[in-house]
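Everything below concerns the one structure shown next.
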Amino acid sequence: MIRATATLAAAALMLSLPTAASAAPAAVAPSAVTVFAPAVASATSARPKGSYAVKVVSVTDGDTIRVRVKGRSTPVRLIGLNAPETNPRQCYGTQATSRMKQLTKGGTVYIKADGSQGNKDTYGRLLRHVYTPGGTSLALKMIEGGYAREYTYNRKYAGQYSHRRAQSRAKSAKRGLWRSCVSTPKPTPVSTSCKIKGNISSSGERIYHLPGQRFYNVTKIDTSKGERWICTETQARNAGWRKSKV
């Protein structure tokens, strides 16, 4: 009787044990979530579509740089801003140039054309939006920091609204030139040693007038708008001005 009872107990125990098929697996296949490594952000993920990398050769001033394109040093006029000049010196011109040097100190920028502005200006400078490798607009950084004014070079350009909003914020916060250069400019003395008048037209084009030309006497220079007196025609052309046709 005891032997039979033991046999029945052993049989019951065998029935209660999990079979090989029903036993918990030794290892569970990882889920789809666990098999992927964390995503790594790309250094160029924010780079604007259609832009390409170039090396910065030098900084001319707060709105013009020289870059190397196909092995040649090429001037680039940034779209959407106008910075104070350094030659002749205008209020905040030195600071604007220094800031542009800081923004481009990495040596590489990305440039992008804007169909609304054309490829080059009349002086052969490329008209381009310029960005840091991380995708930050240099023009926007200059404007929001108070180093330059929003400027429509020709026609409405991509990003114009953002530039104008940035300028409004800079003015409200009195940053940069909006703090240092806000006083009403005094008329430039007629006795200045530089006689060429660098005027900016209503369409944003830079035109210089020589003594004796038709509109020379009626042209007024407002330095607060970026206009200036220029000493030589070579200086005028190098700075992006064209000679008046009349």
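The values are calculated or read from the model by the stated rules, or taken from the named source; none is laboratory data. The model shown is predicted, which means the values in this text are computed figures rather than measured ones. Heads up, the Cβs are rebuilt from the backbone with ideal geometry, glycines too, and the neighbour counts pull from every protein chain shown.
State all residues of the stretch 52-73 that are touching a residue at least 40 places away in the same chain (Cβ under 8 Å) and surrounded by fewer than 18 Cβ atoms within 10 Å (Cβ to Cβ); if no residue qualifies, say none. Walk me through it before giving the result.
First, the residues of the stretch 52-73 that are touching a residue at least 40 places away in the same chain (Cβ under 8 Å): 52-56, 59, 62-65, 67, 69.
TYR52, ALA53, LYS55, VAL69 - these are the residues of the stretch 52-73 that are touching a residue at least 40 places away in the same chain (Cβ under 8 Å) and surrounded by fewer than 18 Cβ atoms within 10 Å (Cβ to Cβ).
Inside the stretch 200-222, can you point out the residues that are at pLDDT below 85 and on the phi > 0 side of the Ramachandran plot?
GLY204 - this is the single residue of the stretch 200-222 that is at pLDDT below 85 and on the phi > 0 side of the Ramachandran plot.
Can you tell me which residues in the stretch 219-237 are surrounded by 15 or more Cβ atoms within 10 Å (Cβ to Cβ) and in a helix (DSSP H, G or I)?
THR223, SER224, GLN235, ALA236, ARG237
Take the stretch 221-246 and flag every residue that is among the basic types (Lys, Arg) and free of Cβ contacts under 8 Å to residues at least 12 places away in the same chain. If you could, list the steps in order and put the result at the bottom.
Our first condition is that a residue be among the basic types (Lys, Arg); within the stretch 221-246, this holds for 225, 228, 237, 242-243, 245.
Selection gives LYS245 alone.
Condition first: farther than 15 Å from THR64 by Cα, at pLDDT 95 or above and part of a loop (DSSP other than H, G, I, E, B). Can you find one or more residues in the stretch 186-195 that meet it?
No; the residues of the stretch 186-195 include none that is farther than 15 Å from THR64 by Cα, at pLDDT 95 or above and part of a loop (DSSP other than H, G, I, E, B).
When you go through TYR151, TYR161, TYR131, TYR157 one by one, which is the residue that is touching a Pro at 6+ places or on another chain (Cβ under 8 Å) and not aliphatic (A, V, I, L, M)?
TYR131
For the stretch 173-185, how many residues are modelled with pLDDT of 90 or more and more than 25 Å from the chain's Cα centre (by Cα)?
Selection size over the stretch 173-185: 0.
How many residues, within the stretch 157-171, are of a type in the set (Ser, Thr, Tyr) and either surrounded by 15 or more Cβ atoms within 10 Å (Cβ to Cβ) or within 13 Å of MET142 (Cβ to Cβ) (or both)?
So the answer is 2.
Among the listed residues ALA113, ALA83, which satisfies the condition of being surrounded by 14 or more Cβ atoms within 10 Å (Cβ to Cβ), within 14 Å of the chain's Cα centre (by Cα) and within 16 Å of TRP178 (Cβ to Cβ)? Before you say what the answer is, go through the steps one by one.
Numbers: ALA113 fails: within 16 Å of TRP178 (Cβ to Cβ).
Answer to the check: ALA83.
Only one of (1) more than 14 Å from the chain's Cα centre (by Cα); (2) of a type outside the set (Ser, Thr, Tyr); (3) modelled with pLDDT under 95 fails for ALA170. Which number is that?
Evaluating ALA170 over (1) more than 14 Å from the chain's Cα centre (by Cα); (2) of a type outside the set (Ser, Thr, Tyr); (3) modelled with pLDDT under 95 leaves (3) as the failure.
If I go through the stretch 103-131 residue by residue, how many of them are part of a loop (DSSP other than H, G, I, E, B) and either over 15 Å from VAL57 (Cα atoms) or outside the structural domain of ARG77 (by TED's automatic domain parsing) (or both)?
11
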